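Asks: Sharing a structure here in structure tokens format.
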Amino acid sequence: MENQLEPVAGGGLLDRRLFLKRGLVFSAATAVSLQVFAKVKPFDSNLPAWMLKPGEPFSNYGEPSPYEKSTIRWKMENSMAPGNGVSWTPLHDLEGTITPNGLHFERHHNGVPEIDPKRHQLLIHGLVEKPLMFSVDSLLRYPMRSLFCFIECGGNSNAGWRSKPIQTQAGYFHGMASCSEWTGVPLSVLLHEARIKAVGKWLIAEGADAAAMNVSIPLEKALDDCIVAVYQNGERIRPENGYPLRLLVPGWEGVLNVKWLRRLHITTRPSMTRNETSKYTELLPSGKARQFSFFMDAKSLITSPSPGYKMDGSGLYQITGLAWSGRGKISKVEVSADGGNSWAEAQLQEPVLSKCFTRFRIPWQWQGKDIIIMSRAVDETGYQQPSRKMLIAQRGKHGYFHYNAIVSWKVAADGGISHVYA
Ligand SMILES: Nc1nc2c(c(=O)[nH]1)N[C@H]1C(S)=C(S)[C@@H](COP(=O)(O)O)O[C@H]1N2
Ligand SMILES: [Mo]
């Protein structure tokens, strides 16, 4: 039993099974856990106000507790272009893997259109035998499919390319990624109905916002696992996230997940729209350009403890975070609490799903000293999340998109946490 408390890696990382075996937590681990519980105030025998009278009435649509008012999306609007900007998911304030709908990150090029679902239509045309027009109601009659998957903007975490580590909370650095259960009609069903001509190889998807944002997607992907989503975590998609219809392109760059979807045009080749030429195309150190870099590669980060969090003295803590890969399932997450000298495997929360956020956790006994904590993920293809050095060696110093390097947090002896390049 005693052995189970032995650190499994430097910096005080404990066996990942510690939290699972009740016996261990309450016997051998008591010396550690008491340090946490001893800080709780003695039980108050005076009843609190909320137990002395009936509570609030029912509500038509629930809201978070007023004590959770600080758990919000952080907005950054572009004053030069109205409606253009971003809001980040506060990943550092959340647990589990599903992003509450009101906290899903937002990326709009021209604001959120207020669409009347009775007037909205989806057109499939171009290289098809039978052009089709769908009302939202007609789509609701098709067989649907649900999938849990993340959406991540290709520009997420791009502050990582800066020469100095950005000092902000984890979500305001990495939170242009969110994860939901999306339900809708498999795109293959609709495309088969329109009967694509043999020469058709790509589709151009267009939204009904004022920007009429559009992108090109290879038909192979469209026919594989894309859906025309109507529901987000069980309710109709929020206006910010594409109401009444959005395209879902699992595991690929966020920009391809066209919101307010109104048109799918089948073509022989990509149409070289703004978002695949002036954006999302990057020069490599070799002088060659990276274009159509669709997949979001494996990534992970520790969400707690993380910047903004203050350690409350040495002792037992849980290190937890998120890992995801656009190429499939996460197969392993390792955590280091000694700046990368040694690593221990974290527990992955079941179910581990393909192209979906995966929660990892590992118990940790902090000695109260300066230390660097970090995580690295491996996906089922064997791809390992790179160090920052490796990423820069491959991609150059002036990247903007697809930053997925290992993230390091420095825990200082005074309990403060900051972002460092290790
Ligand atoms: N029609 C339309 N679709 C769009 C966008 C847009 O501005 N207009 N932004 C794209 C980008 S860049 C991203 S990252 C995702 C963001 O989806 P979300 O706002 O639901 O998080 O939507 C994509 N789809
Ligand atoms: Mo994006």
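The values are calculated or read from the model by the stated rules, or taken from the named source; none is laboratory data. In this text the structure is predicted, and so the values were computed from the model without any measurement. Neighbour counts are summed over all protein chains in view; Cβ atoms, including those assigned to glycine, are modelled from backbone coordinates with ideal geometry. Please note that ligands, DNA and RNA were not included when accessible areas were found on the heavy atoms of the full protein model with its side chains. Shrake-Rupley method; radii C 1.70, N 1.55, O 1.52, S 1.80 Å.
Asks: Which value in nm describes the separation of the simple spin-label points at S418 and Q367, placed 7 Å from the Cα toward the beta carbon?
Replies: In this crude spin-label approximation the distance works out to 2.2 nm.
Asks: Still on this structure: Please give the charge dipole size of segment 202-293, origin at the Cα centre, charges +1 on K and R Cβ atoms and -1 on D and E Cβ atoms. Round to the nearest 20 debye.
Replies: On the way: 12 positive and 10 negative charges, 42 e Å.
I would put it at about 200 debye.
Asks: For an R0 of 22 angstrom, estimate the FRET efficiency from the Cβ-Cβ distance between S79 and K279 and round to the nearest 0.05. Let's see the in-between values first.
Replies: Numbers: r = 19 Å, r/R0 = 0.88.
Step by step, r from the Cβ atoms, then E = 0.70.
Asks: Now for a different question. Go through segment 182-192 residue by residue and turn each phi into a ³J(HN,Hα) via Karplus (6.51, -1.76, 1.60, θ = phi - 60°); whole Hz please, and just put x for glycine and proline.
Replies: Once rounded to whole Hz, the list reads 9, 10, x, 8, x, 4, 4, 4, 6, 5, 5.
Asks: Ranked from highest to lowest mean number of other Cβ atoms within 10 Å per residue, what is the order of the peptides 112-119, 292-299? Provide the component values of the computation, followed by the final result.
Replies: Numbers: 112-119: 12.9, 292-299: 21.0.
Output ranking for 112-119, 292-299: 292-299, 112-119.
Asks: Follow-up. Can you give me the relative contact order of the chain as a percent, contacts being Cα pairs under 8 Å and 6 or more apart?
Replies: Numbers: 988 pairs, mean separation 73.4, N = 422.
Taking the mean separation of contacting Cα pairs over the length of the chain, I get 17 percent.
Asks: Determine Rg/Rh for the chain; Rg is computed over alpha-carbon atoms and Rh is the Kirkwood hydrodynamic estimate from the same atoms. Kindly include the intermediate steps, with their values, before the conclusion.
Replies: Working: Rg = 23.6 Å, Rh = 23.4 Å.
Reported Rg/Rh (Cα atoms, Kirkwood Rh): 1.01.
Asks: Which residue, L91, L190, L245, tops the fluctuation ranking in a GNM of the chain built on C-alpha contacts under 10 Å?
Replies: L190
Asks: Any idea how far apart Y61 and S135 come out in nm if each label point goes 7 Å out from Cα toward Cβ?
Replies: Each label point lies 7 Å from its Cα, and together they span 2.4 nm.
Asks: Considering only protein heavy atoms and a 1.4 Å probe, what is the carbon-and-sulfur percentage of the accessible area of the chain? Can you show the working numbers first?
Replies: Details: 11220 of 20730 Å².
Here carbon and sulfur together make up 54 percent of the probe-accessible area.
Asks: Within segment 242-291, which trypsin sites (Lys or Arg not before Pro) sit in a loop by DSSP and count at most 16 neighbouring Cβ atoms inside 10 Å?
Replies: Sites meeting the loop and neighbour criteria: K279, K288.
Asks: Any idea what the alpha-carbon Rg over 2.2 N^0.38 Å comes to for segment 299-420? Could the numbers behind the result be given before it?
Replies: Numbers: Rg = 14.5 Å, N = 122, 2.2 N^0.38 = 13.7 Å.
Taking the Cα Rg and dividing by 2.2 N^0.38 Å, one obtains 1.06.
Asks: Shifting gears a bit: What whole-number value in Å² describes the accessible area per residue of the chain for a 1.4 Å probe?
Replies: Details: 20730 Å² over 422 residues.
Result: 49 Å² per residue.
Asks: Given a Förster distance of 25 Å, report the FRET efficiency between V189 and A289 from their Cβ-Cβ distance, rounded to the nearest 0.05. Write out the running numbers ahead of the final one.
Replies: Values: r = 35 Å, r/R0 = 1.42.
So the FRET efficiency works out to roughly 0.10.
Asks: Assign unit charges at the C-beta atoms only (+1 for Lys and Arg, -1 for Asp and Glu), then state the dipole size of segment 299-420 relative to its Cα centre in Debye, rounded to the nearest 20.
Replies: Working: 15 positive and 9 negative charges, 102 e Å.
With Lys and Arg at +1 and Asp and Glu at -1, about 480 debye.
Asks: Counting pairs on different chains as well as pairs 8 or more places apart, how many Lys pairs in segment 319-422 have Cα atoms under 23 Å apart? Could you put the intermediate results ahead of the total?
Replies: Details: K329/K355; K332/K355; K332/K389; K332/K410; K369/K410; K389/K397; K389/K410.
For segment 319-422, the number of qualifying lysine pairs is 7.
Asks: So, in nm, how far is label T381 from label L52 when the simple model puts each one 7 Å beyond its Cα toward the Cβ?
Replies: Modelled inter-label distance: 6.2 nm.
Asks: So who's got an amide H within less than 5 Å of the one on L261, skipping anything under 5 residues away but keeping other chains? H placed 1.01 Å off N, in plane.
Replies: When sequence neighbours closer than 5 places are left aside, the close amide H contacts are A208, L245, R246, L247.
Asks: Taking 0.36 nm per intervening residue step and subtracting the Cα-Cα distance, what contour gain separates S342 from F43 on full extension?
Replies: Numbers: separation 299, 0.36 × 299 = 107.64 nm, distance 4.14 nm.
Fully extending the segment from S342 to F43 adds 103.5 nm.
Asks: Also, quick follow-up: Express as a percent, rounded to the nearest 5, the fraction of DSSP beta bridges in the chain (both residues included) that run antiparallel. It would help to have the intermediate numbers written out before the result.
Replies: Numbers: 79 of 83 bridges.
Just about 95 percent of them are antiparallel.
Asks: Compute the relative contact order of segment 199-256 as a whole-number percentage, counting only Cα pairs closer than 8 Å that sit 6 or more residues apart in sequence.
Replies: Details: 67 pairs, mean separation 15.6, N = 58.
Computed over segment 199-256, the figure is 27 percent.
Asks: Counting other Cβ atoms within 10 Å, keep those with at most 12, restrict to DSSP loop, and tell me which chymotrypsin sites (Phe, Trp or Tyr not before Pro) in segment 60-143 are left. The partial results should precede the final answer.
Replies: Working: sites: Y61, Y67, W74, W88, F105, F134; in loops: Y61, F105.
Passing sites in segment 60-143 are Y61.
Asks: Which whole number in µm²/s is D for segment 54-179 by Stokes-Einstein, with the Kirkwood Rh taken over Cα pairs at 4 °C and 1.567 mPa s?
Replies: On the way: Rh = 18.3 Å.
It diffuses with D of about 71 µm²/s by this estimate.
Asks: Here is a follow-up. Which order do the peptides 325-335, 123-133 take when ranked by the mean count of other beta-carbon atoms within 10 Å per residue, highest first?
Replies: Values: 325-335: 21.5, 123-133: 15.1.
Going by the mean number of other Cβ atoms within 10 Å, highest first, we get 325-335, 123-133.
Asks: Further, regarding this structure: Percent of Cα-Cα pairs per 10 Å bin, from 0 to the last occupied bin, for segment 121-290, please list those.
Replies: Answer for segment 121-290: a P(r) of 10, 36, 34, 15, 5, 0 percent.
Asks: Percent relative contact order of segment 299-420, based on C-alpha pairs within less than 8 angstrom and at least six residues apart?
Replies: Numbers: 290 pairs, mean separation 39.5, N = 122.
After rounding, I find 32 percent.
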